[in-house]
Amino acid sequence: MNYLYLIISVVVIFFAGIRIVRPTERGLIERLGKYHNFANPGFHWIIPIIDRIFVINVTEQMVDAQPQEIITNDNLNASVDAQVYFRVKSDETSVKGSTYDVNNYKWQIVQLARTTLRNIIGTLTLKSANSERGKINTELLSTLEKETKGWGIEIIRTELKEIDPPSDVQETMNKVVKAENEKIAAIDSATAAETVADGIKRGKIKEAEGYKQAKILHAEGEAEALRLINEQLGANPALLQWRYIENLADNIQIILIPSNSPYLFDMESMIDQAGGTVITPTPTETEEPTAGD
């Protein structure tokens, strides 16, 4: 019976000392209040009551810096919030540092982030703080990395969550932005209208210049034609007479020529070719003969 009690006690103590460390964790085993050894993922057995194991999460974690009111450089209150992403390094020295070198690294990261944000944003105006979020994130990350260097912690990134001005200031800023956008739209519209008007003006000028050049060329052509015709007519009197009859026929179409005209035959032939009509009046019976008859 005593052996049975002894076996049962050993079994209970054995199972009471079993500890399993997951892949996402690392452990620190202490014996009688002193660091004993490092526990990697897997099965571990500790002496109940005498040994203690502290398990540390080594995956990426996030803490919220919590919203806080910060006075900017232009004396405006802004509600600022940020998030910090970090992880405990998985090597033995880093895990020991996160446990023995800092009391509560999560709480202290939050407080350090809040203080750093006040120092950074306090030197900026509200407008520049909103437009330089990347710069603020970079400075916050750099400060946290420097201050937590001995904690066995890796600061992965920081995200500035919000920078919200008071409601009345936000409303005023929205009105200013709207007015600026309307001004830009009006300038663009005026520029477009001016461009269209300038294009129409240039088109009209080109059209007038083309019309002018056409008239000049036409006049020069007619002048050259008249010059050549005059040269030909001056050298040939008969052609000069024909040109005269042609112009006359174009304007009158019907020409009266006395029947006793000595040029009747020639005139009839030329006028007929020019498209005119020759009418020869017949002497009446009462017409007295001339002295030459």
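Overview of values
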| quantity | calculated |
| --- | --- |
| Flag for GLY150 being outside the structural domain of ILE53 (by TED's automatic domain parsing), more than 30 Å from PRO41 (Cβ to Cβ) and exposed (fewer than 14 other Cβ atoms within 10 Å of the Cβ) | no |
| Residue list for region 84-113, filter: of a type in the set (S, T, N, Q) and surrounded by 15 or more Cβ atoms within 10 Å (Cβ to Cβ) | SER90, SER94, SER98, THR99, GLN108 |
| Residue check for ASN181: modelled with pLDDT under 90 and not assigned by TED's automatic domain parsing to the domain that holds LEU28 | yes |
| Evaluation of THR93 against (1) in the same structural domain as ARG133 (by TED's automatic domain parsing); (2) more than 19 Å from GLU154 (Cβ to Cβ) (one fails), failing number | (2) |
| Hits in region 119-150 (condition: over 16 Å from ILE70 (Cβ atoms), modelled with pLDDT under 90 and among the aliphatic types (A, V, I, L, M)) | none |
| Selected residue [more than 30 Å from GLY150 (Cα to Cα), surrounded by 12 or more Cβ atoms within 10 Å (Cβ to Cβ) and touching a Lys or Arg at 6+ places or on another chain (Cβ under 8 Å)] from ILE70, ILE56, ILE47 | ILE47 |
| Condition check for LYS89: within 23 Å of LYS146 (Cα to Cα), touching a residue at least 12 places away in the same chain (Cβ under 8 Å) and out of contact with any helix residue (DSSP H, G or I) (no Cβ under 8 Å at 6 or more places or on another chain) | no |
| Unique match (being more than 35 Å from the chain's Cα centre (by Cα), over 24 Å from PHE54 (Cα atoms) and either at pLDDT below 95 or not in a helix (DSSP H, G or I) (or both)) among THR115, THR93 | THR115 |
| Which listed residue is crowded, with 16+ Cβ neighbours inside 10 Å and more than 55 Å from the chain's Cα centre (by Cα), from GLY33, GLY17, GLY27 | GLY17 |
| Matching option when the condition is among the polar types (S, T, N, Q) and in contact with a Gly (Cβ under 6 Å, 6 or more places away or on another chain), among SER9, SER98, SER90 | SER98 |
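The values are calculated or read from the model by the stated rules, or taken from the named source; none is laboratory data. What you see is a predicted model, and the numbers here were worked out from it, not measured in a lab. With ideal geometry, Cβ positions are generated from the backbone for all residues, glycine too; neighbour counts draw on all protein chains shown.
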